[in-house]
Structure formats: C-alpha cells, structure tokens
Amino acid sequence: MSRDPRYDILFEPVQIGPLTAKNRFYQVPHCNGGGYRDPSAVAEMRRVKSEGGWGVVFTEQTEMHHSSEISPFIELHLWDDDDIPMLAKMSDAMHEYGALAGIQLAYSGVNGPNLYTREVPLAPSAMPVRTFTNDPVSARAMTKKDIRDLRRWHRNAYKRAKTAGYDLICLYGAHGFGIIQHFLSSATNHRTDEYGGSLENRSRLMRELIEEGKDVIGDSCGITLRLSLDEAVGDLGFSNNEVRDLIEMHADLPDLWDLAHGTWEDCSAPSRFKEEAAQQELVSGIKSLTSKPVVGVGRFTSPDVMVKQIRSGVLDFIGCARPSIADPFLPSKIEQGRIEDIRECIGCNICISGDMTMSLSRCTQNPTFMEEWRKGWHPENMQEKGASDSVLIVGAGPAGLEAARALGKRGYQVVLAEAKTELGGRVARERKLPGLSAWGRVADYREYQLSQMANVDIYLDNKLSTDDILEFGFQHVVLATGSSWRSDGVARHHLLPMPDDKSLPVYNPDDLMDGDMASGNVVVFDDDHYYMGGVIAELLVQQGAIVTLVTPAAYVSEWTNNTLEQAAIHKNLVEMGVTIILNRALSKIENGVVFTECGFTGGEDSLPADAVVMVTSRVGDDDLWQQLSSREHEWREQGVASIKLIGDAQSPAPIAWATYAGHRYARELDMPDIGDDLPFRREVAQLKD
Ligand SMILES: Cc1cc2nc3c(=O)[nH]c(=O)nc-3n(C[C@H](O)[C@H](O)[C@H](O)COP(=O)(O)O)c2cc1C
Ligand code: SF4
C-alpha cells in the first residue's frame, strides 16, 4: 500500500533553524516515569519513535541545573558532564532512523521544591513553591547575580546538550513549569527592575537565554521555545492576548514556537473532557505573527485533522505526545497507507499516572510502552510462534482481545470465545457511559486487527463450560473472563460486607450498565477512587436523580489526581448539581436511611436516600478457572498443556493492566521458563568511592 496523496503535505520537510526535519510529525517532550533512573529504557522508547517515522523526537523535560529540580518526580538530568553519556545514548537512538533529536531544558524556578538537592529554590519573586505536592518550601527572589548565573548555567547546558548529540534545544516555558514562564507572567513576576513590569522587561530573560543559545551553538542546533498558550490562572496571568503580543514582539527570535495550552491538566486534557484539536482556537492566527515554524498539540490521531491544521495555516508541525505513545508508528502507518492500523490514543491519561506515581509509565493502548528495552518488546513486531500451535482464549475483553491479537501475530491458531454478543468486555459496556466513548478504541483497534488474521476465529454468544474447554483439545487455554462490581460495600473502608437491612435498593455500576435506573435521592458511595464513581454520578444526574457522592477520600475520584482529571471531574460534578461529601464513608443502611461516618472521628450522620449505588470494588470472574483447576488431573489426557487466568479475572485493575496482561501472555507463551530470575532488565546505580 502507498500513501494517500491527501497526506503528502504531512511528509514535507520543514526547516528549524540550521536543520531540516524530514516531515511534519513532531514528538513533543513527554516524560515516562523512567527518566534518570531508567535511561536505557527511555532511550529505546525514543528509538522506536524514530523507527516509527517521527521527523522530530524529543526527550522529556531535562533538569538543566542542580539548583532546580522537581523531586520526587523522575525526569532527566543535565547537571554536569556525568549526565552526557546517558543523554548521548538517547540522541543516538533518536537519530537512528533519521529523526532530529531534541532535548527539553527545564529550569523549574517556582515549580522546583529541590527536595533532593536541598538548594534554596530561585524564582523571579519570592513565593511558596507551586507543586503538585504543595511542598512547604519557598523560593527566594533572584538577584541580578542569580540571573547572570542562570544565563551561564544555560550556556553550559547548551554546550553539554550539543556534546550529547542533540540537534534541537527547547526551553521550557509552558504548563507553569519553566522559569521563562515565571518571568513572563505578572502572576509570578513582581519585580520592579528591568526584568519585571512591562512585557518587554518580563521577556528580557527569555530573549537573553535564546540569543546566548544562538551565540553558543546556533550554527549547528536549533533553539526552540515552548510556551503556554494561556496561563489560565486568572486576570494577572500570561493570557492568550499577551502570548500573541510576545510573539509579535520577538517574532523570529527562537527557531520554532512550540505552543501548548495552559496548565498541564489543560494541555493533556483527557478525552472525557476534550476532543481532538481542542487547542485550535488558542493557536489560530499565531503563525501569521512569525516567519518561524509553529508546532501545536491536541491529541491528534486522525490524518485528516492533521492535514486541516496545516492547510488552514494553523500549524507547521503536528505535535504529539499521547498519540505517539499509543502508536509510535503513527507516521509510518500514514505513509504506508495503513490508516486502519493506527492504534489511536483513547485519552485516558494512564501514561501520565506513571510519571505522577514515579513508577514506569504504561499505555492502555500500547502495552509495549516502556518495555521496549526492559523486556525487548517492540510495538509492531512479535517473535514467531514457539513449539505449540493452538490457543483457546475465553473472554473478549481488553485482555482477551490483546492476547488474541498478539498470539495471532505470532502465528498461533487462535480461537476467541466470548459469552456476550459483542467484543470488548468491560470496554464495550463502559464506552456507553458519559464521556468514555473514546475508550471504545481499545476494542475497535483490536477488532479490526483480528478481522485481518486468517488464523484467529471469533465465536460470539458462546458461553463455554469446563467440559467444552477440556474436550476441545486446545494445547493452551487462557481465561480472560473479566470481573464484576460488588454490591456489599467491601473495598478499602469496609473489609467485610457493610451493615444493610435491605430497606433500600442497592445497585452497583454493572446494574446501571445493564440498564437498571436508580431514581429520587441517590447516594453514590465511592470507595474505588478511580473514574467510575464520578462517571456513575454523572450518569445518574443525566437520568434525573438527585445525587450525593460520599467518599472516604479527601478528593472525589482521588486516584484521578494521577491522570490529571481530578479537578475537571470535581468541577463537572459541582456544575451538574451533585452534592459531594468528602472524608466520610457509608457506615450502614437501616430503616430506609443511609448513615455516614467521619473517616477521622467516626462521628455519625445520616442522609435521606431512595437508593444507593456502591462503587467500591470488583471481584474477578474466575468460576471457570476454579472449576478447571479442580480438574487439573484431566488436563494432560485431554491434550491441554496449560490453562492460565489473566487480566481483571485474576486481579481487577485499570484497562491498561488488562491489555498488558494479554500482551504478556502472548509474548511469554512457549518461552523458556526463567525460574526465579527477574522478568525484566534494569539499570543499577554505579557505585562511587
Ligand atoms: C506522559 C506525559 C508526559 C509529559 N511530559 C511533558 C514534559 O516533560 N514536558 C512538556 O513540555 N510537556 C509534557 N507533556 C505534555 C505534552 O508535551 C503535550 O503538550 C500534551 O500532552 C498535549 O499533547 P497530546 O495531546 O499530543 O498528548 C507530557 C504529556 C504526557 C502525556
Ligand atoms: S495511556 Fe491512554 S492517554 Fe496515554 S497514550 Fe495511552 S491511550 Fe493515550
């Protein structure tokens, strides 16, 4: 297949300063929870992007001086020459298939608590540091000498970045995270000297840093600037109008303008709240203010939308973070005319949770993300099948579908049996809930891939018994039978079923997804803490109920702090009229009344209720597994070499865990037993005297 000529424009080369990107696909900086701790894993992940056809591949934010760092988050460092080898490994990987290698330099200013280096944070003006963790630390106002030092530190970092092999150096002034933004914004810059006050003064440091960068390395490297399109912190903030004034004032100063919306939450907004290309309005018209290329973002997965951004003169480069994570081969697939093969990002922000939890990032759609080096997993290639031939997969939810896709690709004869009449399991149901339609892409992508495989047969409406499974004679059986929500309140607060005299109807999310309707005063008890409590509250409001959401946590949908959705969820629920009760748990249902207790004092209160919805926990649907396990002695004589339980059926978790489990099963089938060895590679810190 070859490229559709409509998309030719996406493959035009574009100049950035002294260099030329081979096409318009620009992987903007994104962290991955690995950073300095897992440099080879990060390097390999970037190599795969280069292989996938991106014209530009960037690192994540790289702390360019030890006096400003954002521990506990794990990013890259460029503190001294010792950091050069690992960064050079990354730039080599980015170059391998012809991408320009970019490094984002961050000096975090008022966003850097310096918990690790213990340096006093520096900022344009003195104020408490502004971090996700509200660290009880303040930044001091920079003196003129500090500003001179900062300029020197940048010059040192530019030279090191060049030595490490980078072509593009991006200064970070977006998302409230970089000191350039802190100087530009009147909200954080209260100075009265030549670095504060007028826009010209507030942009002085930015200008100096870029001009000095050009002096130091500008002959061979491009200097780009990443700015927020609107700081979105109220009247004082760096507004979209001021951004336009700034770009007009310094039109051709950087070699490229990299524009990203407001806070990180705004910029990486989930599909629940923002569509593809949501930043278009904020960026439109900016290109006419400069002769330099403009890159913008907006969860771009559709080549038609991308082409429109270029043809209508909004952007020169298609910036992608999440779409490049979900499908590192997105550019190649467009180039090869394989649009249907694009694994579209679902906008769930699980990738961000890896950074926020300082673990390694995962991707719901791409289970190989951050396993490229650790496990040698490639997002497009699977190793050939091993000694055995046939696999029966029971259950076509995210785990079963991914197992079928990956096993099919390896060349096994696969049968996928699903008890329901459609593919997708939990995704088929949850995609119908408010805001979650894009999550259906987990099933859509896999359904299409399976439809292309002659060696995978799918049987819907096919509930298998243990006899069926043993008699079919498949060599391997994998049970991906999903999970069900409990109704008895058991989760974190109640370790045993909650007292309930059955005087009120009690539902769980499965009941509502099956079509049950709760009406009148409905109390949602959320002890699950991820998205479902908020989504169910929204569904109930849509159905006309008066909703109160009770949670023992300090936040609604607390874990969504890790996916940057929490504030939007809370706002949305308040605007819908949901009453939110935090730090309290449902304690009992008695005589048609719901009682709550304070999580700290145990103090009791009561609420009027006509119905209760328990969003508490799920249990794996492992009946088949239990029954088959009890007949293990029969497996061999039936020709069954293994039966395994995977995904939610084994241990309920987010969808990303399920696609990972399915993929892992497929990768490891017929592989040698590694016994007690570590199932992944890692890097251990080098000891010094
Ligand atoms: C996991 C993750 C990590 C990110 N880390 C950075 C970062 O280090 N520096 C940065 O400027 N932006 C970062 N971003 C923001 C992205 O560069 C991008 O602006 C945003 O996600 C919107 O683009 P998208 O819709 O293509 O994801 C990150 C985004 C994600 C999803
Ligand atoms: S984790 Fe979710 S949001 Fe992030 S890239 Fe993957 S599918 Fe997209």
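The values are calculated or read from the model by the stated rules, or taken from the named source; none is laboratory data. Keep in mind that this is a model prediction, so the values were computed, not measured. When we count neighbours, we look across all protein chains shown, and the Cβ atoms used for this are built from the backbone with ideal geometry, even at glycine. Protein only, heavy atoms only, side chains kept; ligands, DNA and RNA dropped before computing areas. Shrake-Rupley method; radii C 1.70, N 1.55, O 1.52, S 1.80 Å.
List the residue pairs whose Cβ atoms are under 7 Å apart, where the first residue sits in the stretch 356-376 and is of a type in the set (D, E), the second is at pLDDT 95 or above, and the two are 6 or more positions apart or on different chains.
From residues that are of a type in the set (D, E), the pairs are E371/W377; E372/E44; E372/M45; E372/V48; E372/H378.
Out of the stretch 280-300, which residues are within 16 Å of ligand 2 (Cβ to nearest atom) and either closer than 19 Å to G222 by Cβ or surrounded by fewer than 22 Cβ atoms within 10 Å (Cβ to Cβ) (or both)? Spell out the reasoning first.
Of the stretch 280-300, the ones within 16 Å of ligand 2 (Cβ to nearest atom) are 297-300.
The answer is V297, and nothing else.
Sort through Q686, Q650 and tell me the only one that's more than 25 Å from E384 (Cα to Cα) and surrounded by 10 or more Cβ atoms within 10 Å (Cβ to Cβ).
Numbers: Q686 fails: surrounded by 10 or more Cβ atoms within 10 Å (Cβ to Cβ).
The unique qualifying residue is Q650.
Looking at S288, S302, S268 in this structure, which one is farther than 24 Å from R204 by Cβ, away from ligand 1 (no atom under 16 Å from the Cβ) and either modelled with pLDDT of 95 or more or not polar (S, T, N, Q) (or both)? Lay out the reasoning, then the answer.
On the way: S302 fails: away from ligand 1 (no atom under 16 Å from the Cβ); S268 fails: away from ligand 1 (no atom under 16 Å from the Cβ).
Just a single option satisfies the conditions, and that option is S288.
Looking only at the stretch 120-143, which residues are closer than 27 Å to D193 by Cβ and open to solvent by 80 Å² or more (accessible area, probe 1.4 Å)? Quick ask: steps written out before the conclusion?
Within the stretch 120-143, the first condition is being closer than 27 Å to D193 by Cβ, and the residues that meet it are 120-131, 137-143.
Once the filter is applied, which keeps residues that are closer than 27 Å to D193 by Cβ and open to solvent by 80 Å² or more (accessible area, probe 1.4 Å), the stretch 120-143 yields V120, P128, R130, R140.
Go through the stretch 11-55 and give me each residue that's basic (K, R) and surrounded by 24 or more Cβ atoms within 10 Å (Cβ to Cβ).
Going residue by residue through the stretch 11-55, those that are basic (K, R) are 22, 24, 37, 46-47, 49.
Residues satisfying the conditions are R24, R46, K49.
Of the conditions (1) open to solvent by 50 Å² or more (accessible area, probe 1.4 Å); (2) within 21 Å of T263 (Cα to Cα); (3) touching a residue at least 60 places away in the same chain (Cβ under 8 Å); (4) of a type outside the set (K, R), D92 fails just one. Which one is it?
If we test D92 against (1) open to solvent by 50 Å² or more (accessible area, probe 1.4 Å); (2) within 21 Å of T263 (Cα to Cα); (3) touching a residue at least 60 places away in the same chain (Cβ under 8 Å); (4) of a type outside the set (K, R), just (2) comes out false.
What do you reckon, is V391 β-branched (V, I, T), away from ligand 2 (no atom under 16 Å from the Cβ) and open to solvent by 10 Å² or more (accessible area, probe 1.4 Å)? Break it down into steps so the answer makes sense when it comes.
Values: β-branched (V, I, T): yes; away from ligand 2 (no atom under 16 Å from the Cβ): yes; open to solvent by 10 Å² or more (accessible area, probe 1.4 Å): no.
Against the criterion (β-branched (V, I, T), away from ligand 2 (no atom under 16 Å from the Cβ) and open to solvent by 10 Å² or more (accessible area, probe 1.4 Å)), V391 does not qualify.
Would you mind finding the one in E275, E265 that is within 16 Å of ligand 2 (Cβ to nearest atom), surrounded by fewer than 18 Cβ atoms within 10 Å (Cβ to Cβ) and within 16 Å of the chain's Cα centre (by Cα)? Let's see the steps before the verdict.
Details: E265 fails: surrounded by fewer than 18 Cβ atoms within 10 Å (Cβ to Cβ).
After applying the criteria, what remains is E275.
Could you go through the stretch 96-105 and let me know if any residue there is among the acidic types (D, E), open to solvent by 10 Å² or more (accessible area, probe 1.4 Å), in contact (Cβ under 8 Å) with a residue 40 or more places away in the chain and at negative phi. Don't jump to the end; show me each part of the working.
Going through the stretch 96-105, the residues among the acidic types (D, E) turn out to be 96.
Filter once more, so that each one left must be open to solvent by 10 Å² or more (accessible area, probe 1.4 Å): 96.
From what's left, in contact (Cβ under 8 Å) with a residue 40 or more places away in the chain: 96.
In the following step, the residues that additionally are at negative phi were identified as 96.
The answer is yes, given that some residue of the stretch 96-105 is among the acidic types (D, E), open to solvent by 10 Å² or more (accessible area, probe 1.4 Å), in contact (Cβ under 8 Å) with a residue 40 or more places away in the chain and at negative phi.
Test V684 against the stated conditions and say whether it is of a type in the set (V, I, T), in a helix (DSSP H, G or I) and free of Cβ contacts under 8 Å to residues at least 40 places away in the same chain. Before the answer, list the steps.
Values: of a type in the set (V, I, T): yes; in a helix (DSSP H, G or I): no; free of Cβ contacts under 8 Å to residues at least 40 places away in the same chain: yes.
Criteria not met by V684.
Cβ-Cβ under 6 Å, sequence separation 6+ or interchain: first residue in the stretch 44-72 and more than 22 Å from I16 (Cβ to Cβ), partner in a helix (DSSP H, G or I). Which pairs?
If the second residue must be in a helix (DSSP H, G or I), the pairs left are H65/W153.
Specify which of the listed residues (L330, L315) is modelled with pLDDT of 95 or more and under 30 Å from E211 (Cα atoms). Even if it seems obvious, please write down each step before you answer.
Details: L330 fails: under 30 Å from E211 (Cα atoms).
It is L315.
Report yes if some residue within the stretch 154-167 is at pLDDT 95 or above, among the charged types (D, E, K, R) and closer than 30 Å to L564 by Cα; otherwise report no. Don't jump to the end; show me each part of the working.
Keep residues of the stretch 154-167 that are at pLDDT 95 or above, which gives 154-167.
With the extra rule that they be among the charged types (D, E, K, R), the set shrinks to 155, 159-160, 162, 167.
Going one step further and asking which of them are closer than 30 Å to L564 by Cα, we end up with none.
No, there is no match, as no residue in the stretch 154-167 is at pLDDT 95 or above, among the charged types (D, E, K, R) and closer than 30 Å to L564 by Cα.
Could you tell me whether N562 is touching a residue at least 60 places away in the same chain (Cβ under 8 Å) and open to solvent by 50 Å² or more (accessible area, probe 1.4 Å)? Walk me through how you get there before you give the answer.
On the way: touching a residue at least 60 places away in the same chain (Cβ under 8 Å): yes; open to solvent by 50 Å² or more (accessible area, probe 1.4 Å): no.
Spelling it out, it is not the case that N562 is touching a residue at least 60 places away in the same chain (Cβ under 8 Å) and open to solvent by 50 Å² or more (accessible area, probe 1.4 Å).
Filter the strands (runs of 3 or more DSSP E) completely within the stretch 593-653 down to those with at least 2 residues that are out of contact with any Ser or Thr (no Cβ under 8 Å at 6 or more places or on another chain) and touching a residue at least 24 places away in the same chain (Cβ under 8 Å).
On the way: elements: 593-598, 604-608, 611-615, 618-620, 642-645.
So the answer is 611-615, 642-645.
If we keep just the residues of the stretch 321-361 that are away from ligand 2 (no atom under 11 Å from the Cβ) and acidic (D, E), which is most open to solvent (accessible area, probe 1.4 Å)?
Of everything passing the filter in the stretch 321-361, E340 is most open to solvent (accessible area, probe 1.4 Å).
For (1) surrounded by fewer than 18 Cβ atoms within 10 Å (Cβ to Cβ); (2) among the small types (G, A, S), each residue gets a yes or a no:
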{"position": "Q475", "(1), (2)": "no, no"}
{"position": "A480", "(1), (2)": "no, yes"}
{"position": "D510", "(1), (2)": "yes, no"}
{"position": "Y531", "(1), (2)": "no, no"}
{"position": "N572", "(1), (2)": "no, no"}
{"position": "V578", "(1), (2)": "no, no"}
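Only one of these is of a type in the set (F, W, Y), over 23 Å from the mean Cα position of the chain (by Cα) and modelled with pLDDT of 95 or more: F11, F25, F58. Name it. Reasoning before the result, please.
Details: F25 fails: over 23 Å from the mean Cα position of the chain (by Cα); F58 fails: over 23 Å from the mean Cα position of the chain (by Cα).
The match here is F11.
Run H378 past the list (1) open to solvent by less than 10 Å² (accessible area, probe 1.4 Å); (2) away from ligand 1 (no atom under 12 Å from the Cβ) and report the number of the one that doesn't hold.
Only one criterion in (1) open to solvent by less than 10 Å² (accessible area, probe 1.4 Å); (2) away from ligand 1 (no atom under 12 Å from the Cβ) is unmet by H378, namely (1).
Looking only at the stretch 56-76, count how many residues are in contact with a helix residue (DSSP H, G or I) (Cβ under 7 Å, 6 or more places away or on another chain) and either more than 13 Å from ligand 1 (Cβ to nearest atom) or open to solvent by less than 10 Å² (accessible area, probe 1.4 Å) (or both). Steps first, answer last, please.
Of the residues in the stretch 56-76, the ones in contact with a helix residue (DSSP H, G or I) (Cβ under 7 Å, 6 or more places away or on another chain) are 57, 59-60, 64-65, 68, 70, 73-76.
In the following step, the residues that additionally are either more than 13 Å from ligand 1 (Cβ to nearest atom) or open to solvent by less than 10 Å² (accessible area, probe 1.4 Å) (or both) were identified as 57, 59-60, 64-65, 68, 75-76.
Total meeting the criteria: 8.
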